[in-house]
Structure formats: structure tokens, C-alpha cells
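What follows is a set of notes on a single structure, which appears directly below.
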Amino acid sequence: MKVFWKFLLQRNLSKHWLEGVRYAVFGLGDSGYQKYNFVSKKLDKRLSDLGAMAIVEKGLGDDQHPSGYEAALDPWMSSLWSMLNQINEKFFPQGPDFLIPDMKLIDQPKIHITYHSVDKVDSQSSPNSDLKWIEMQIERARSMSPGKFTNDKTRPNCFLKLIQNQRLTRAECGKDVRHFEFEFVSSTIEYKVGDILEVLPSQNQAAVDSFIQRCNLDPDAFITVHPKEMNNHLLHTHTSANVPIKLKTFVELTMDVASAPPRRYFFEVMSYFATAPHEKEKLQYFASPEGRDDLYQYNQKERRSVLEVLEDFPSVQMPFEWLVQLVPPLKTRAFSISSSPIAHSNQVHLTVSVVSWMTPFKRKRSGLCSTWLAKLDPEQSIYIPAWFQKGALSPPPPSLPLILVGPGTGCAPFCGFVEERAIQNESSATAPVLFFFGCRNEDGDFLYRDFWLSHSQNGGVLSEAKGGGLFVAFSRDQPQKVYVQHKVRENSRKIWNLLTEGAAIYIAGSSTKMPSDVFLAFEDIVSKEGGLPRESAVRWLRTLEKAGRYHVEAWS
């Protein structure tokens with residue numbers, strides 16, 4: 001895509017270059033993010049600017065929609081077939097709405113599984129404590145998997161050992177937020193404040209065993225997994241992908257069998273393998289555009305796992321090839337690092353909200369990774385595979401004034417920022433820091449309360465004496481809701497003074513409404529204090545963003 005896009009951006013291409021070309025664009029996006037469907041919108045405009053003509057208006061899929069991107073895809077596809085039929089009836093000899101009646105056509109799985117006899121497998125068995133062996137197993141399994149993993153990384157950067165698991169919230173506040181401290185047990189990775197840590201969670205062993213049993217698989221079989229199409233060399237760069245691995249290990253490390261709900265195509269493929277007529281009919285209905293809303297109620301809203309879906313349709317026996325292709329991949333979970341490497345050598349800290357909720361049918365669901373981490377005991381000496389990534393929040397130099405906005409667990413990266421700034425302040429004077437934090441109640445979920453207060457007193461980096469400040473919004477401690485954007489507006493003059501001195505704004509937290517509400521607050525401040533019209537205030541902030549002085553790290 002990058003190569004294609006670079007090609008389309010060539011300046012010597014005329015506005016008639018694509019004349020006569022017809023195209024259609026459907027975007028996969030998530031409206032929880034500010035740049036929703038940015039790529040598809042840009043692509044559609046560029047193709048049009050070069051003279052191509054759209055067959056139908058661009059479709060914008062939204063993963064935030066109750067039915068996922070299919071909600072926009074179904075009507076868009078229907079319009080596309082209809083328009084193509086108008087362009088040339090030969091495309092659809094029996095009309096665009098014609099369905100093959102026997103429903104027996106199905107594509108072949110895109111992967112091939114080879115089973116190896118045990119005596120021919122080089123048994124590189126080793127006790128579980130051997131980190132090299134665990135690392136090899138992870139790389140081997142994830143190299144073979146058709147799932148797309150973060151940055152295509154299969155081998156962990158390092159292994160971590162949990163040394164502290166501390167609850168930060170009161171039990172009665174209704175939220176469980178934890179502070180985790182990890183120690184490097186393999187090579188120490190050099191990271192910076194604002195970076196991101198990804199961990200690979202362990203799956204529930206009972207769930208993995210149930211899945212293997214339900215699918216009539218041999219957990220001790222040795223397998224290799226290969227794409228059927230051998231023309232893509234990118235899929236065959238890992239030599240470890242040719243070494244057999246135990247089927248159960250492969251499932252444990254690559255297939256999310258008990259946490260993520262399957263996509264609609266999973267139900268379509270299941271319908272071909274259902275032998276009970278009532279199950280086949282139900283699955284075909286779920287896979288159809290007409291059944292989309294009912295599928296949403298059954299699947300996404302209840303967040304049914306692959307294992308639960310398979311147990312609900314006992315007549316379905318899907319070949320393992322299809323399962324490997326369609327079961328959601330076991331993804332690493334990303335967290336903002338909440339420590340400074342200068343303050344904590346050989347350690348990395350996280351601030352994690354333990355996710356749990358009740359479905360409409362009163363079934364308790366919980367987040368796979370956060371729940372697993374919360375149950376870990378530092379005495380157990382469990383080795384956690386981890387990857388480090390550069391974050392969206394670049395480390396600020398000590399001379400840069402900072403305006404930090406981090407409600408809830410959004411405060412995580414700013415723990416590291418403040419820790420680092422405090423150490424830098426010991427050797428030379430540092431620039432002021434304003435920090436805006438938000439939570440529900442002062443007594444319930446004021447995360448790292450003592451930490452923030454200690455740095456806001458006695459000449460600390462958040463103290464007024466240093467030109468800084470700590471401002472906390474407790475949304476539910478009074479009848480009127482108070483959020484971080486209200487506290488930002490209350491400190492309009494202070495913020496404007498720092499911005500005119502060259503301050504940078506850093507925002508972290510939930511990607512729902514918070515980033516846009518905070519942006520509006522800054523817009524008001526620039527307009528009011530700078531005496532600018534609203535449009536000019538927006539342009540001023542966008543210039544700040546382009547100059548690398550307005551950073552947002554948001555997650556859903």
C-alpha cells in the first residue's frame with residue numbers, strides 16, 4: 001500500500017491520468033479515533049483528482065458500530081453489484097441478486113497443515129524454566145500462524161518477571177486498577193518515557209483443552225502450518241516456520257479460542273460443515289445480511305468466544321485448517337509504560353485497568369490480558385514474553401515546558417515523565433509542568449495520589465514554586481460533573497502563558513470523547529487569550545501539532 005500510495009502522489013501525474021478508470025473504495029475504520037477512515041478518504045480523493053470515476057460513493061466501515069464494519073459493507077456491496085450490473089449486464093447473467101441455491105460452493109482454506117510422526121521430530125524438549133526454549137516455541141508458533149501480529153514480530157524482545165502487583169483503587173469504587181512492576185530476566189531493553197510495552201497473555205488452560213477436545217484434535221500431534229499460495233516470499237522468511245510444533249502449543253500461542261468473538265465469515269464457513277438441518281439454517285441466517293442484527297445480539301453483544309459458538313452448534317466439525325485460518329489470532333496487548341528507566345533501572349512499570357463487564361444476558365465477561373495479569377502472584381516466577389514499541393508521546397527535553405492531560409489510566413505515561421523530570425531537576429533547573437488528572441472520586445480512584453502530591457509540594461516539578469501545577473477533576477464528588485477539560489479551561493491564563501513560552505501539550509487516555517473535548521478546551525483558550533477567531537485558533541493548534549508540540553495517545 002505504501003508503494004502504491006507513493007506512486008499515486010507523483011507530481012508529474014496529470015488530472016486526466018486515470019481517465020476511463022472506474023473504481024470503488026471501501027474503508028475499514030474505527031470512529032473512536034480522530035483520523036477515522038483517513039486512508040480511504042485520502043485514496044478516494046486522490047483517485048478522483050487523477051481523473052478516475054467512482055462506481056459508487058466510498059463506503060466507510062466502522063468497527064465501533066454494533067455490527068462492526070459489515071453494517072456499512074452490506075448496503076455498499078449491494079449498491080456496487082447493482083451499479084456494475086447497470087454498467088455491463090454480462091457481469092451478472094442471472095442478475096446481481098442471484099444466489100446459488102444449493103449453497104455448496106465454498107472456497108478452500110488458504111493454509112495447509114502437515115502432520116509429522118513423533119519419531120521424526122527433533123525433540124528439543126527442555127524444562128519450562130529454560131527461557132531460550134520458551135522463546136523458540138513462541139517464535140516457531142507465531143511464525144507459522146496466518147494471523148497478522150504487531151509489526152510482524154514473532155520473537156519476544158525480552159522476558160519479564162512480575163515483582164509487584166498492587167491494587168490502586170478501593171474495592172467499593174467499582175473499578176480495579178493495578179500497578180505492576182516487572183524486572184528484566186533476559187536481556188535488558190533500553191526504553192524511553194512515553195514508550196509502549198506489549199505483552200503476550202496466557203490463555204486459560206481448561207479453555208484450550210476444551211477447544212481441542214470439542215474439535216476432535218490430537219493435542220500431542222506435531223504440525224507445521226504453511227500458506228497454500230507459495231508465491232508470497234514474505235510468508236516464508238522464517239526458518240522456524242518449518243520446524244514442527246505440538247498442536248496444543250500452537251493453539252495456546254496463536255489462537256484466541258476463549259476471549260475474542262469470531263467474525264461473520266466464521267459462521268458462514270460453519271454452515272457448510274453443519275450436519276443438523278436446524279443448525280445449518282441458523283448459521284446460514286446469521287451469515288446473511290438479513291441476519292446481521294440477530295448475529296450482533298448473539299455474537300458481538302454477548303462477546304461469545306469461538307469455543308462457546310462451537311459448543312452451541314455441536315453438529316459442526318470444521319477441519320483444523322479452517323479453524324487456524326478463521327479463529328481470531330491471539331494478539332499481544334499494548335500498555336503505556338508508567339516508569340522512567342532513569343528512576344528504575346532493570347525495571348518497567350505498567351498501570352492497568354482490569355476489564356470486566358456484564359452482557360445483556362447477565363453473563364460476566366472479563367478482559368483476557370488484564371484479568372490474567374491481576375491474578376499473577378510475584379512468588380510464582382512466571383516469565384512474560386514482551387515487546388517494546390516507540391509510543392506516540394515522544395520524550396520531552398528538560399527545557400521544554402509541559403502541559404499534561406491524563407485522566408484515569410491515561411496518567412500512566414506521565415508517571416514516567418514526572419519521575420524523569422524530577423531526576424533531571426536535581427542536576428539543573430527544568431521547565432514547568434502542568435498536570436491535569438481526572439477520576440470519579442477522590443477517595444476511590446485517585447491513582448498515584450501520594451506520588452502526584454509529593455511532586456506538587458516543597459519545590460517539586462509540579463509545584464507552583466517551579467511554575468507548575470497539579471489540577472484534579474473528581475467527576476462524581478459533586479452534583480455537577482467535572483472533567484479534565486473543565487480544569488483546563490479554569491487555568492486558561494496559566495496555560496496560554498506556557499504555550500507562548502513554547503510549551504508542548506501531551507494528552508493520553510480513552511479514545512471516546514476525551515481527546516476531542518480537551519482539544520475544544522484548548523481551542524477556547526487560544527481563541528480567548530490570544531484574541532483569535534475560532535477558525536484561526538484551530539489552525540494555530542494544528543500548526544502546533546505539525547511542529548510536534550501537540551501529542552495524543554488514545555486507546556479504546
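A few points about this structure:
- Sequence-distant contacts, meaning Cα pairs under 8 Å at least 6 residues apart, place the relative contact order of the chain at 14 percent.
- Residue-averaged [θ]222 nm for the chain, counting only DSSP H segments that reach four residues, each worth -39500 (n - 2.57): -10000 deg cm²/dmol
- About the Cα centre, charge dipole magnitude for segment 325-461 (Lys/Arg +1, Asp/Glu -1 at Cβ), debye: 840 debye
- When the Cα positions of Ser31, Gln300, Phe266 are compared along the charge dipole of the chain, Ser31 comes out farthest toward the positive end, with charges on each C-beta of Lys, Arg, Asp and Glu.
- Solvent-accessible area of Leu73 with every protein chain in place, 1.4 Å probe, in Å² to the nearest 10: 40 Å²
- Look at where the Cα atoms of segment 368-433 and of segment 253-284 average out, and the two centres are 41 Å apart.
- Considered as an equivalent ellipsoid built on the Cα gyration tensor, segment 17-91 has semi-axes of 24, 18, 5 Å, the largest given first.
- Sparsely packed trypsin sites (Lys or Arg not before Pro) within segment 153-231, loop by DSSP, other Cβ within 10 Å at most 11: Lys228
- Mean projection area, nm², convex hull over Cα of the chain: 31.2 nm²
- Nearest-20 debye value, the chain charge dipole, Cβ charges on Lys, Arg, Asp, Glu: 1220 debye
- Descending Cα extents along the principal axes, segment 143-220, whole Å: 44, 38, 23
- The chain, accessible area per residue, ligands and nucleic acids excluded (1.4 Å, Å²): 51 Å²
- The value for segment 236-350 of Rg(Cα) / (2.2 N^0.38 Å) is 1.43.
- Percent carbon-and-sulfur accessible area, segment 248-315, ignoring ligands, DNA and RNA, probe 1.4 Å: 48 percent
- For the set His349, His486, solvent exposure ranked by accessible area (probe 1.4 Å, protein chains only) runs largest to smallest as His486, His349.
- Counted by Cβ distance under 15 Å from His551, the other residues give a net charge of +3, where Lys and Arg count +1 and Asp and Glu count -1.
- A simple charge model with +1 on the Cβ of Lys and Arg, -1 on the Cβ of Asp and Glu and nothing else charged puts the dipole of segment 152-222 at about 260 debye relative to its Cα centre.
- Pairwise centroid distance, computed over Cα atoms, of segment 467-505 with segment 49-64, Å: 40 Å
- Dipole of the chain, positive end: most advanced residue of Gln389, Ala374, Val433 [Cβ charges, Cα centre]: Val433
- When the pairs Lys110/Lys153; Lys280/Lys331; Lys110/Lys331; Lys15/Lys41; Lys110/Lys246 are compared against a 24 Å limit on Cα-Cα distance, Lys280/Lys331 fall above it.
- Shape analysis of segment 264-412 based on the Cα gyration tensor places the equivalent ellipsoid semi-axes at 42, 18, 15 Å, largest first.
- Portion, in percent, of the accessible area of segment 1-68 that falls on carbon or sulfur, probe 1.4 Å: 57 percent
- Most to least accessible of Trp17, Trp452 (protein chains only, probe 1.4 Å): Trp17, Trp452
- Of the whole protein surface, Val461 contributes about 10 Å² of accessible area at a 1.4 Å probe radius.
- Antiparallel beta bridges, as assigned by DSSP with both residues in the chain, represent about 60 percent of the total such bridges.
- Heavy-atom accessible area with a 1.4 Å probe sorts Thr371, Thr500, Thr359, largest first, into Thr500, Thr371, Thr359.
The values are calculated or read from the model by the stated rules, or taken from the named source; none is laboratory data. Predicted model only: the values in this text are computed from it and were never measured. Glycine gets a Cβ as well: all are built from the backbone with ideal geometry, and neighbour counts include every protein chain shown. All accessible areas refer to the heavy atoms of the entire protein, side chains included, with ligands and DNA or RNA removed. Shrake-Rupley method; radii C 1.70, N 1.55, O 1.52, S 1.80 Å.
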